[in-house]
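The values are calculated or read from the model by the stated rules, or taken from the named source; none is laboratory data. As the structure is a computational prediction, the values presented were derived from the model and not from experiment. Counting neighbours? That spans all protein chains shown, and the Cβs are built from the backbone with ideal geometry, glycine included. For the accessible areas, the whole protein counts, side chains as well, though only heavy atoms, and no ligand, DNA or RNA atoms are used. Shrake-Rupley method; radii C 1.70, N 1.55, O 1.52, S 1.80 Å.
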Amino acid sequence: GDGLSIRDVGMVYRRDDQVTTALVGCSLEIPVGSWASLIGASGCGKSTLLRILADIVAPTTGAARVGGLSPSEARAMRSFALVSQQSTMLPWRTILANVELGLEVAGVDKAERRRRAAEAIELVGLKGFEQAFPAELSGGMRQRAAIARALTLKPRFLLMDEPFGALDEITREKLNFELLRILKETAATLLLVTHSIAEAIILSDVVAVMSPRPGRISHRVEIGFGHD
Ligand code: ADP
Ligand code: ADP
(Lines give C-alpha, C1' and ligand atoms only; values in the text may rest on other atoms or scores of the structure.)
(Ligands and ions follow the chains in the order given, each with its own letter.)
Protein backbone atom coordinates (compact mmCIF):
# COMPACT_ATOMS: atom_id res chain seq x y z
CA GLY A 1 0.00 0.00 0.00
CA ASP A 2 0.92 3.66 0.23
CA GLY A 3 1.65 3.72 3.96
CA LEU A 4 4.74 2.63 5.86
CA SER A 5 5.96 -0.82 4.95
CA ILE A 6 8.72 -3.07 6.27
CA ARG A 7 8.98 -6.35 4.37
CA ASP A 8 11.05 -9.23 5.71
CA VAL A 9 13.80 -6.88 6.86
CA GLY A 10 17.05 -8.08 8.39
CA MET A 11 19.65 -5.78 9.89
CA VAL A 12 23.16 -6.72 10.92
CA TYR A 13 25.50 -4.11 12.37
CA ARG A 14 29.22 -4.73 11.96
CA ARG A 15 31.56 -2.60 14.00
CA ASP A 16 35.21 -3.64 14.18
CA ASP A 17 34.99 -7.36 14.99
CA GLN A 18 31.58 -7.07 16.66
CA VAL A 19 28.55 -8.33 14.79
CA THR A 20 25.06 -7.47 16.12
CA THR A 21 21.95 -8.89 14.50
CA ALA A 22 19.31 -6.26 15.29
CA LEU A 23 16.40 -7.42 13.08
CA VAL A 24 15.49 -10.75 11.48
CA GLY A 25 12.45 -11.37 9.25
CA CYS A 26 10.82 -8.18 10.44
CA SER A 27 7.59 -7.15 8.67
CA LEU A 28 5.14 -4.37 9.45
CA GLU A 29 2.47 -2.51 7.47
CA ILE A 30 1.10 0.83 8.70
CA PRO A 31 -1.74 2.13 6.50
CA VAL A 32 -2.04 5.82 5.65
CA GLY A 33 -3.84 7.75 8.37
CA SER A 34 -2.97 5.30 11.14
CA TRP A 35 -1.42 6.22 14.42
CA ALA A 36 0.85 3.33 15.25
CA SER A 37 3.13 2.66 18.18
CA LEU A 38 6.05 0.28 18.28
CA ILE A 39 6.89 -1.17 21.67
CA GLY A 40 9.40 -3.76 22.87
CA ALA A 41 12.28 -4.37 25.24
CA SER A 42 15.26 -2.04 25.18
CA GLY A 43 17.74 -3.05 22.48
CA CYS A 44 15.31 -5.19 20.45
CA GLY A 45 15.68 -3.06 17.32
CA LYS A 46 12.88 -0.46 17.46
CA SER A 47 15.10 2.52 16.65
CA THR A 48 16.78 0.52 13.92
CA LEU A 49 13.41 -0.06 12.24
CA LEU A 50 12.61 3.65 12.44
CA ARG A 51 16.06 4.65 11.18
CA ILE A 52 15.59 2.33 8.19
CA LEU A 53 12.29 4.06 7.30
CA ALA A 54 13.97 7.45 7.78
CA ASP A 55 16.83 6.56 5.39
CA ILE A 56 19.49 6.89 8.10
CA VAL A 57 20.61 3.26 7.74
CA ALA A 58 19.93 0.75 4.97
CA PRO A 59 18.64 -2.73 5.84
CA THR A 60 20.96 -5.68 5.23
CA THR A 61 18.10 -7.65 3.64
CA GLY A 62 14.47 -6.98 2.77
CA ALA A 63 12.83 -3.70 1.82
CA ALA A 64 11.28 -0.61 3.36
CA ARG A 65 8.73 1.66 1.63
CA VAL A 66 7.44 5.04 2.70
CA GLY A 67 4.33 6.10 0.82
CA GLY A 68 5.17 3.60 -1.90
CA LEU A 69 8.71 4.96 -2.31
CA SER A 70 12.10 3.80 -1.10
CA PRO A 71 13.25 5.69 2.01
CA SER A 72 15.80 7.70 -0.01
CA GLU A 73 13.18 8.69 -2.60
CA ALA A 74 10.78 9.58 0.22
CA ARG A 75 13.48 11.72 1.84
CA ALA A 76 14.05 13.57 -1.46
CA MET A 77 10.30 14.22 -1.65
CA ARG A 78 10.33 15.36 2.02
CA SER A 79 7.41 13.06 2.72
CA PHE A 80 8.51 12.18 6.25
CA ALA A 81 9.94 13.91 9.29
CA LEU A 82 11.80 12.32 12.18
CA VAL A 83 11.65 13.52 15.78
CA SER A 84 13.88 11.93 18.38
CA GLN A 85 15.41 12.67 21.76
CA GLN A 86 18.47 13.78 19.87
CA SER A 87 16.51 16.36 17.88
CA THR A 88 18.53 19.31 19.02
CA MET A 89 18.04 23.03 18.76
CA LEU A 90 20.91 25.26 17.67
CA PRO A 91 21.72 27.20 20.88
CA TRP A 92 22.65 30.44 19.09
CA ARG A 93 19.36 30.65 17.21
CA THR A 94 16.00 31.73 18.61
CA ILE A 95 13.13 29.23 18.79
CA LEU A 96 11.58 30.84 15.71
CA ALA A 97 14.84 30.55 13.76
CA ASN A 98 15.26 26.93 14.92
CA VAL A 99 11.74 26.00 13.87
CA GLU A 100 12.35 27.66 10.48
CA LEU A 101 15.48 25.59 9.90
CA GLY A 102 13.81 22.73 7.99
CA LEU A 103 12.04 25.18 5.69
CA GLU A 104 15.29 27.06 5.15
CA VAL A 105 17.02 23.86 4.05
CA ALA A 106 14.03 23.15 1.79
CA GLY A 107 14.56 26.55 0.13
CA VAL A 108 11.24 28.09 1.18
CA ASP A 109 11.28 31.90 0.97
CA LYS A 110 11.50 34.01 4.11
CA ALA A 111 7.91 35.29 4.33
CA GLU A 112 6.46 31.81 3.85
CA ARG A 113 8.99 30.41 6.36
CA ARG A 114 7.95 32.93 8.98
CA ARG A 115 4.26 32.22 8.44
CA ARG A 116 4.56 28.44 8.64
CA ALA A 117 6.98 28.47 11.59
CA ALA A 118 4.69 30.82 13.55
CA GLU A 119 1.75 28.54 12.80
CA ALA A 120 3.61 25.43 14.02
CA ILE A 121 4.85 27.23 17.15
CA GLU A 122 1.29 28.17 18.01
CA LEU A 123 0.13 24.61 17.37
CA VAL A 124 2.55 23.16 19.95
CA GLY A 125 1.65 25.82 22.52
CA LEU A 126 4.83 27.89 22.38
CA LYS A 127 3.33 31.18 21.19
CA GLY A 128 5.14 34.01 22.93
CA PHE A 129 8.45 32.12 23.01
CA GLU A 130 9.47 32.83 19.38
CA GLN A 131 12.36 35.11 20.38
CA ALA A 132 13.56 32.96 23.31
CA PHE A 133 16.73 30.93 23.02
CA PRO A 134 16.66 27.14 23.55
CA ALA A 135 18.53 27.36 26.87
CA GLU A 136 15.77 29.62 28.23
CA LEU A 137 13.15 26.92 27.71
CA SER A 138 12.42 23.79 29.74
CA GLY A 139 13.15 20.33 28.34
CA GLY A 140 9.51 19.76 27.54
CA MET A 141 9.24 23.04 25.69
CA ARG A 142 12.34 22.26 23.64
CA GLN A 143 10.83 18.90 22.65
CA ARG A 144 7.68 20.68 21.56
CA ALA A 145 9.81 23.07 19.49
CA ALA A 146 11.41 20.03 17.83
CA ILE A 147 7.93 18.74 17.00
CA ALA A 148 7.00 22.16 15.60
CA ARG A 149 10.08 22.08 13.37
CA ALA A 150 9.02 18.67 12.05
CA LEU A 151 5.46 19.88 11.44
CA THR A 152 6.46 22.95 9.40
CA LEU A 153 7.32 20.66 6.51
CA LYS A 154 3.81 19.19 6.59
CA PRO A 155 5.16 15.65 6.34
CA ARG A 156 2.80 12.88 5.29
CA PHE A 157 4.60 10.60 7.73
CA LEU A 158 5.77 11.49 11.19
CA LEU A 159 8.38 9.14 12.67
CA MET A 160 8.94 9.65 16.38
CA ASP A 161 11.63 7.83 18.36
CA GLU A 162 10.95 8.17 22.10
CA PRO A 163 10.38 11.89 21.59
CA PHE A 164 9.67 12.37 25.28
CA GLY A 165 12.05 9.73 26.59
CA ALA A 166 14.18 12.14 28.58
CA LEU A 167 11.22 13.71 30.39
CA ASP A 168 9.70 12.74 33.71
CA GLU A 169 6.40 10.82 33.89
CA ILE A 170 4.08 13.76 34.62
CA THR A 171 5.57 15.95 31.92
CA ARG A 172 5.33 13.06 29.47
CA GLU A 173 1.67 12.62 30.27
CA LYS A 174 1.01 16.33 29.77
CA LEU A 175 2.86 16.35 26.47
CA ASN A 176 1.04 13.27 25.21
CA PHE A 177 -2.27 15.01 25.29
CA GLU A 178 -0.65 18.05 23.77
CA LEU A 179 0.70 15.81 21.02
CA LEU A 180 -2.69 14.21 20.52
CA ARG A 181 -4.17 17.65 19.96
CA ILE A 182 -1.40 18.63 17.55
CA LEU A 183 -1.75 15.50 15.49
CA LYS A 184 -5.49 15.88 15.25
CA GLU A 185 -4.86 19.11 13.39
CA THR A 186 -2.40 17.55 10.98
CA ALA A 187 -3.16 14.64 8.68
CA ALA A 188 0.08 12.81 9.27
CA THR A 189 0.45 9.08 9.55
CA LEU A 190 2.35 8.46 12.75
CA LEU A 191 4.79 5.78 13.87
CA LEU A 192 5.87 6.30 17.47
CA VAL A 193 8.59 4.24 19.14
CA THR A 194 8.04 4.14 22.88
CA HIS A 195 8.87 1.96 25.86
CA SER A 196 5.61 2.96 27.55
CA ILE A 197 2.64 0.65 26.93
CA ALA A 198 0.35 3.32 28.42
CA GLU A 199 1.65 5.89 25.94
CA ALA A 200 1.18 3.42 23.07
CA ILE A 201 -2.40 2.62 24.04
CA ILE A 202 -3.41 6.23 24.67
CA LEU A 203 -1.93 7.55 21.44
CA SER A 204 -2.40 4.81 18.86
CA ASP A 205 -4.94 2.85 16.95
CA VAL A 206 -2.37 0.17 16.11
CA VAL A 207 0.20 -1.18 18.56
CA ALA A 208 3.00 -3.31 17.12
CA VAL A 209 5.03 -5.39 19.56
CA MET A 210 8.63 -6.32 18.79
CA SER A 211 10.20 -9.52 20.14
CA PRO A 212 13.54 -9.37 22.00
CA ARG A 213 16.62 -9.02 19.78
CA PRO A 214 16.90 -9.95 17.02
CA GLY A 215 13.66 -8.06 16.65
CA ARG A 216 10.68 -8.94 14.52
CA ILE A 217 7.05 -7.90 14.93
CA SER A 218 5.44 -10.59 17.07
CA HIS A 219 2.04 -8.99 17.61
CA ARG A 220 -0.02 -6.30 15.96
CA VAL A 221 -2.97 -5.13 18.02
CA GLU A 222 -5.76 -2.87 16.76
CA ILE A 223 -6.86 -0.63 19.62
CA GLY A 224 -9.86 0.78 17.81
CA PHE A 225 -10.80 3.65 20.10
CA GLY A 226 -11.33 5.58 16.87
CA HIS A 227 -9.33 8.78 17.06
CA ASP A 228 -11.41 10.53 14.38
P1 ADP B 1 15.89 -0.25 20.59
O2 ADP B 1 15.53 0.98 19.86
O3 ADP B 1 14.79 -1.27 20.58
O4 ADP B 1 16.42 -0.01 21.96
P5 ADP B 1 18.13 -0.37 18.69
O6 ADP B 1 17.55 -0.45 17.33
O7 ADP B 1 18.65 0.92 19.16
O8 ADP B 1 17.08 -0.97 19.75
O9 ADP B 1 19.33 -1.41 18.80
C10 ADP B 1 19.19 -2.79 18.45
C11 ADP B 1 20.54 -3.48 18.61
O12 ADP B 1 21.44 -2.99 17.63
C13 ADP B 1 21.19 -3.23 19.96
O14 ADP B 1 21.86 -4.40 20.35
C15 ADP B 1 22.17 -2.10 19.66
O16 ADP B 1 23.25 -2.15 20.54
C17 ADP B 1 22.59 -2.40 18.24
N18 ADP B 1 22.94 -1.20 17.50
C19 ADP B 1 22.11 -0.13 17.27
N20 ADP B 1 22.74 0.80 16.53
C21 ADP B 1 23.98 0.33 16.27
C22 ADP B 1 25.11 0.82 15.54
N23 ADP B 1 25.08 2.00 14.90
N24 ADP B 1 26.21 0.05 15.50
C25 ADP B 1 26.25 -1.15 16.11
N26 ADP B 1 25.24 -1.68 16.80
C27 ADP B 1 24.11 -0.96 16.89
P1 ADP C 1 9.36 20.35 31.54
O2 ADP C 1 9.48 19.08 30.77
O3 ADP C 1 10.71 20.93 31.71
O4 ADP C 1 8.61 20.23 32.81
P5 ADP C 1 7.03 21.78 30.45
O6 ADP C 1 6.65 21.83 29.02
O7 ADP C 1 6.16 20.95 31.32
O8 ADP C 1 8.56 21.34 30.54
O9 ADP C 1 7.03 23.27 31.00
C10 ADP C 1 7.73 23.62 32.16
C11 ADP C 1 7.39 25.02 32.58
O12 ADP C 1 7.32 25.91 31.48
C13 ADP C 1 6.07 25.06 33.30
O14 ADP C 1 6.26 25.57 34.59
C15 ADP C 1 5.17 25.94 32.47
O16 ADP C 1 4.52 26.87 33.28
C17 ADP C 1 6.09 26.64 31.52
N18 ADP C 1 5.42 26.62 30.20
C19 ADP C 1 5.34 25.57 29.35
N20 ADP C 1 4.64 25.89 28.27
C21 ADP C 1 4.26 27.17 28.42
C22 ADP C 1 3.50 28.10 27.65
N23 ADP C 1 2.97 27.78 26.46
N24 ADP C 1 3.31 29.34 28.12
C25 ADP C 1 3.84 29.70 29.29
N26 ADP C 1 4.56 28.88 30.08
C27 ADP C 1 4.76 27.64 29.66
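Output the residues belonging to region 187-204 that are closer than 14 Å to S34 by Cα and surrounded by fewer than 19 Cβ atoms within 10 Å (Cβ to Cβ). Across region 187-204, the qualifying residues are A187, I201, I202.
Scanning region 35-87 for residues being in contact with a His (Cβ under 9 Å, 6 or more places away or on another chain) and either assigned to a strand (DSSP E or B) or open to solvent by 50 Å² or more (accessible area, probe 1.4 Å) (or both) gives a total of 4.
Hey, among G68, G62, which residue is under 17 Å from F157 (Cβ atoms) and not aliphatic (A, V, I, L, M)?
Values: G62 fails: under 17 Å from F157 (Cβ atoms).
Going through G68, G62 in turn, just one is under 17 Å from F157 (Cβ atoms) and not aliphatic (A, V, I, L, M): G68.
Candidates in region 16-34 are the residues that are open to solvent by 20 Å² or more (accessible area, probe 1.4 Å) and within 14 Å of L190 (Cα to Cα); of these, the one that is farthest from ligand 2 (Cβ to nearest atom) is E29.
Looking across region 100-113, just one residue is under 20 Å from L137 (Cβ atoms) and open to solvent by 30 Å² or more (accessible area, probe 1.4 Å), and that is L101.
Here is a check on your reading of the model: is V12 in a loop (DSSP other than H, G, I, E, B), among the β-branched types (V, I, T) and surrounded by fewer than 17 Cβ atoms within 10 Å (Cβ to Cβ)? Before the answer, list the steps.
On the way: in a loop (DSSP other than H, G, I, E, B): no; among the β-branched types (V, I, T): yes; surrounded by fewer than 17 Cβ atoms within 10 Å (Cβ to Cβ): yes.
In short, no.
Summed over region 175-228, residues that are modelled with pLDDT under 70 and outside any loop (DSSP other than H, G, I, E, B) total 10.
Only a single item in (1) in contact with a helix residue (DSSP H, G or I) (Cβ under 8 Å, 6 or more places away or on another chain); (2) more than 27 Å from P214 (Cα to Cα); (3) surrounded by 14 or more Cβ atoms within 10 Å (Cβ to Cβ) is not met by A97, and it is number (1). Tell me which residues, restricted to region 94-140, are part of a loop (DSSP other than H, G, I, E, B), in contact (Cβ under 8 Å) with a residue 40 or more places away in the chain and under 25 Å from R75 (Cα atoms). Once the filter is applied, which keeps residues that are part of a loop (DSSP other than H, G, I, E, B), in contact (Cβ under 8 Å) with a residue 40 or more places away in the chain and under 25 Å from R75 (Cα atoms), region 94-140 yields E100, A106, V124. In region 18-33, the residues that are farther than 21 Å from D205 by Cβ and of a type in the set (S, T, Y) reach residues that are assigned to a strand (DSSP E or B) and away from ligand 2 (no atom under 16 Å from the Cβ) with C-beta atoms within less than 6 angstrom, at least six apart or across chains, in these pairs: T20/Y13; T21/V12. Residues of region 57-93 that are in contact with a strand residue (DSSP E or B) (Cβ under 8 Å, 6 or more places away or on another chain) and within 23 Å of R142 (Cα to Cα): F80, A81, L82, V83, S84, Q85. Applying a threshold of 8 Å to beta carbon distances and a minimum spacing of six or more residues, or different chains, the list of pairs starting in region 208-221 at a residue that is free of Cβ contacts under 8 Å to residues at least 12 places away in the same chain and ending at one that is surrounded by fewer than 22 Cβ atoms within 10 Å (Cβ to Cβ) and not in a strand (DSSP E or B) reads S218/S211. For region 151-166, a residue qualifies if it is open to solvent by 10 Å² or more (accessible area, probe 1.4 Å) and either part of a helix (DSSP H, G or I) or more than 30 Å from L49 (Cβ to Cβ) (or both), and exactly one does: L151. Applying the criterion of being under 11 Å from N98 (Cα atoms) and open to solvent by 30 Å² or more (accessible area, probe 1.4 Å) to the residues of region 115-148, the residue that is nearest to ligand 1 (Cβ to nearest atom) is R142.
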